[in-house]
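**Q** Provided herewith is a single structure, encoded as structure tokens, for subsequent inquiry.
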Amino acid sequence: QFLFVVTFSTFLLCCVDYDVLFATRPLNHSLVPERAKVTLPDAVLPAPQCARRLRGSGWLLFLLVLAGAVWLGRRAAPSDTGAMHYWAAPRCPAPTPVPLPQEELCNHSWQSVQARLLALQRRQPLCVPRRELTELDIHHRILRFRNYTVAMVNKSLLPVRFRLPLLGPVVFLTRGLQFNLELLLFRGPAALFQNTWSLRPQVKRAGARRALARGLARAAVLLGVANLALCPCVLGWRLLLAFFSYAEGLKRAPGSLGARRWSLYARHYLRHFNELGHELRARLGRGHAPATRYMDSFSSPLLAVLARHVGFFAGSVLAVLIVLTVYDEDVLTVQHILTAITLLGLVVTVARSFIPDEHAVWCPEQLLQRVLAHVHYLPEHWQGRAGRAETRAEMAQLFQYKAVFILEELLSPLVTPLILIFAFPPRALDIVDFFRNFTVEVAGVGDICSFAQLDVRHHGNPQWLSEGHTEAPPERQAEHGKTELSLMRFALSNPRWRPPPPARRFLGHLQAQVTRDAATAPPPRHLLAEGPLAASLFSEDSALAVSGGASGGLGVFGVPSPPD
């Protein structure tokens, strides 16, 4: 895509005769008198003339050289994949590939591949210091940096949440900002990691914390200045990429910009520790439909009336133009008639998106419970407030419009330098302390985030079913019960994993409580739930629905507030 966008943009700038294309200059047909119409080849300049125009543009040559350097740098940079992380550590030499034919790879689940790898470790040790690897070790190596990022988002250390005048609370995390933060913390020359598996030794010394924080803050400012210097080039690239990526889709389906997607911030906020990318995508994919229904349940009556009228007016004019073109195709030759038809179709589509479904029943509490059953994490203060506009606004930060996502990516080259220069340095000391306090070294694995060990004794929250199982002070506890929920998910996804004794006791306590809750549930409720009447009474569309009544698993994973 990068090479195509650069090449195609250069062709459009240097090799197209727009005077001929727009018919502002008549084409000389004396050489071919029988052809009177202008064709596309007529508007393309010959190769020598195109080369002369390219050589005569110094700024374009500079941009091409810069683009070539960026492309070569991207090819030379290591990719952020689990394989690179797994093979990077010197403690474990490059393993013999797990024998799976390429054509059969798509038929194997991750669990089967992982089982083969563990069996291979027992037969032919891949990791020298360890005779046996566990499922948790493999996840630690693949998700080393990702677990740190998820933990920092959970502890609100990264500068991604702001309060702006007139706008209020704002979340801003784009792919460009994420790349710069990873470069600053994990991969750059001034990063806290000296390689892909271990921190710099001075990071683990408390006496060097202030010097490290000053160096990290200085590196953030320098990186922000570099981003600011490259801002015009990056912004131009983002505009071109957005145009080539979304223009055709916008013309074909104008309503696609009104579709929603999980934001990049949500993919960190809602991610469990040690959750692989495909597992996260599957879980959020299951929550996409109920989240869409929840967000669509909010509507403004005034806006709906306005949208109906605007849609009616635009649709009437569009219908007349379509009838005229069907009656006589020469209408299409009228200047800007296609533009008018396209814009009117866009207006009609956008207007319809603001008109609510007249058959929908407004029951936000049940819809939000459906969302919670899949995403597992929602702020506690949302409980009982699902119908509030404030809750919907906060949910929109996690589940944003596609148009908002595109706008944030376009603004990223302008906003990212400001965040690196002004917002990151004040948090440098806290980030250095976080890496020192929440890093443990595991033989054969390297330095990992201690939260990723799923240790409820050191990072558990007493309010989340860890009463008597945790010794963690408040500052060492994960927020929103992430340690407990991550442990439950990992144990369910890896049934052969043997957890350590504290985690085993916690899981046993959890299983016993779920069994007691199931045994003490009212029998009429179970009998009623089996019939079609209950399917109507307790559906998310019904105002009579009981909280959590029809959403299996809410008692384990999806609770707005910590359970008793």
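The values are calculated or read from the model by the stated rules, or taken from the named source; none is laboratory data. Keep in mind that this is a model prediction, so the values were computed, not measured. Cβ sites come from the backbone with ideal geometry, for glycine too, and all protein chains shown count toward neighbours. Keep in mind that these areas ignore ligands, DNA and RNA; they rest on the heavy atoms of the full protein, side chains included. Shrake-Rupley method; radii C 1.70, N 1.55, O 1.52, S 1.80 Å.
**Q** Looking at the P(r) of region 300-355, how many percent of alpha-carbon pairs lie beyond 15 Å?
**A** Across region 300-355, Cα pairs with separations above 15 Å total 50 percent.
**Q** Quick one: order W262, W71, W237 from most to least accessible surface, probe 1.4 Å.
**A** Largest to smallest exposure gives the sequence W71, W237, W262.
**Q** Enumerate the residues in region 344-359 having an amide nitrogen under 19 Å from the point lying 7 Å beyond the Cα of I406 toward its Cβ.
**A** 344-354
**Q** Follow-up. With every protein chain in place, what's the accessible area of S300 (1.4 Å probe, Å², nearest 10)?
**A** Surface open to solvent at S300 totals about 50 Å².
**Q** If you don't mind, there's one more thing I want to ask. Taking the Cβ of W237 as the centre, find all other residues whose Cβ is under 13 Å away and add up their charges (Lys, Arg: +1; Asp, Glu: -1).
**A** After counting each charged neighbour, the total is +2.
**Q** Something else now. Counting alpha carbon pairs within less than 8 Å and at least 6 residues apart, what relative contact order, in whole percent, applies to region 300-355?
**A** 60
**Q** Further, regarding this structure: Calculate, for R74 and Q49, the FRET efficiency according to 1/(1 + (r/R0)^6) with r their C-beta to C-beta distance and R0 41 Å; round to the nearest 0.05.
**A** Once the sixth-power term is evaluated, E becomes 0.80.
**Q** How much length would be gained if the chain were fully extended between R476 and R210, taking 0.36 nm per residue of separation minus their Cα-Cα distance, in nm to one decimal?
**A** 93.7 nm
**Q** Got a number for the accessible area of F4? Probe 1.4 Å, square angstrom, nearest 10.
**A** For F4, the solvent-accessible surface is approximately 130 Å².
**Q** Using heavy-atom solvent-accessible surface (probe 1.4 Å) with all chains present, what is the largest-first order of D296, D455, D328?
**A** Of D296, D455, D328, the descending order of accessible area is D296, D328, D455.
**Q** Run the 1.4 Å probe and let me know the accessible area of T10, rounded to the nearest 10 Å².
**A** For T10, solvent-accessible area is about 20 Å².
**Q** Grab the other residues whose beta carbon is less than 14 angstrom from that of A282, score K and R as +1, D and E as -1, and report the net.
**A** +4
**Q** OK, next. Which order do E409, E248, E358 take by accessible area at a 1.4 Å probe, largest first?
**A** The ordering from most to least exposed comes out as E358, E248, E409.
**Q** At 7 Å along the Cα-to-beta-carbon direction for both S256 and E103, put a label point, then send me their distance in nm to one decimal.
**A** Distance between the two pseudo-spin positions: 3.4 nm.
**Q** Moving to a separate point now. In nm, to one decimal, how far is the modelled label at T292 from the one at N195, with both set 7 Å along Cα→Cβ?
**A** In this crude spin-label approximation the distance works out to 4.7 nm.
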